[in-house]
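The values are calculated or read from the model by the stated rules, or taken from the named source; none is laboratory data. Because the structure is predicted, anything quoted here is derived from the model rather than measured. Using ideal geometry, Cβ is built from the backbone for each residue, glycine included, and neighbour counts are taken over all protein chains shown. Ligands, DNA and RNA are excluded from the accessible area calculation, which covers all protein heavy atoms including side chains. Shrake-Rupley method; radii C 1.70, N 1.55, O 1.52, S 1.80 Å.
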Amino acid sequence: SLAKNLGIRALTIPIQNSFESLKHQMSGIFAGLAEDATEENLQARLRGITLMALSNKFGSILLTTGNKSELAVGYCTLYGDMCGGLAVISDVPKTMVYDLCEWINGRGKMLIPESTMTKPPSAELRPDQKDQDTLPPYDVLDEILRLSVEENLSRAEIKERGFSPDVVDWVVRRVDLNEYKRAQAVPGLK
């Protein structure tokens, strides 16, 4: 629906065969180990390879999809959804992404389908996966990030504002742990 509304072509390019091939290739090394984020990241990387191939072949730029909230805590895959040439919304918190969508739709024509706004966010790398399986609710995450990164408040000061101590500690730790991903990210708009 979004592609139709924007007047652009939408392609469906399966990655299942490539994914199964990679899993088979790694089966001896991974023998006896349960599937986890490793296999999820293989899928994200196959998507990245596919999109970069289209970018190369047709001379277009690949725009990454990561927003500020996801990038801050590393909820993104190197060489997967981080592939691209420009990170358009990398400085836009997730809650503001929704606000921007509503603003765009409020300007006359409903370009962004309502289902995009109402379905729970998901990386869609395992059945029934939702971002909130891993992350705090985005309104909480975004406010902790704002207080920590933009306001430079300490963990203790953020906790004093009524946030769960465990959630504050988790968010701030994830920001620190994922600097290596942000250092490799493509340029973003400010």
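For the chain, a simple Cβ point-charge model (Lys and Arg +1, Asp and Glu -1, everything else neutral) yields a dipole of about 820 debye relative to the Cα centre.
Every Cα-Cα pair in the stretch 35-84 was counted, and those over 16 Å apart are 42% of them.
The label point for Leu177 and the one for His24, both projected 7 Å from the Cα toward the Cβ, are 3.4 nm apart.
Please calculate how many Å² of accessible area the stretch 35-190 carries per residue, with a 1.4 Å probe and no DNA, RNA or ligand atoms counted. Value returned for the stretch 35-190: 58 Å² of accessible area per residue.
When a 1.4 Å probe is rolled over the protein heavy atoms, the share of accessible surface on the chain that falls to carbon and sulfur comes to 56 percent. With 0.36 nm allotted per residue and the present C-alpha distance subtracted, the Val186-Ile61 stretch has 43.8 nm of extension available.
For the chain, with the dipole built from +1 on Lys and Arg beta-carbon atoms and -1 on Asp and Glu ones, taken about the Cα centre, which of Leu153, Ala44, Asn17 lies farthest toward the positive end? My answer, from the dipole projection, is Asn17.
Loop-located trypsin sites (Lys or Arg not before Pro) across the stretch 1-32 with a Cβ neighbour count of 14 or fewer within 10 Å are Arg9, with loop assigned by DSSP. Our helix-only sum for the chain, with -39,500 (n - 2.57) per DSSP H run of n ≥ 4 divided by its residues, gives a mean residue ellipticity at 222 nm of -14000 deg cm²/dmol. Above 19 Å, the calculated P(r) of the stretch 131-190 contains 33 percent of its Cα-Cα pairs. Among the listed pairs Lys23/Lys57; Lys23/Lys119; Lys4/Lys109; Lys130/Lys190; Lys23/Lys181; Lys68/Lys130, those whose Cα-Cα separation exceeds 20 Å are Lys23/Lys57; Lys23/Lys119; Lys130/Lys190; Lys23/Lys181.
Normalised by 2.2 N^0.38 Å, where N counts its residues, the alpha-carbon radius of gyration of the stretch 85-190 equals 1.22.
Given R0 = 22 Å, the distance between the Cβ atoms of Met117 and Asn5 translates into a calculated FRET efficiency of 0.95.
Subtracting the Cα-Cα distance from 0.36 nm times the residue separation, let me have the gained length for Met52 to Cys101 in nm, one decimal. Numbers along the way, then the final one.
Numbers: separation 49, 0.36 × 49 = 17.64 nm, distance 2.59 nm.
Extending this stretch completely gives an extra 15.1 nm.
Rg over Rh for the chain works out to 0.99, both radii taken from alpha-carbon positions and Rh defined as the Kirkwood radius. Loop-located GluC sites (Glu not before Pro) in the stretch 16-110 (DSSP state other than H, G, I, E, B) with a sparse environment of at most 16 neighbouring Cβ atoms within 10 Å: Glu35.
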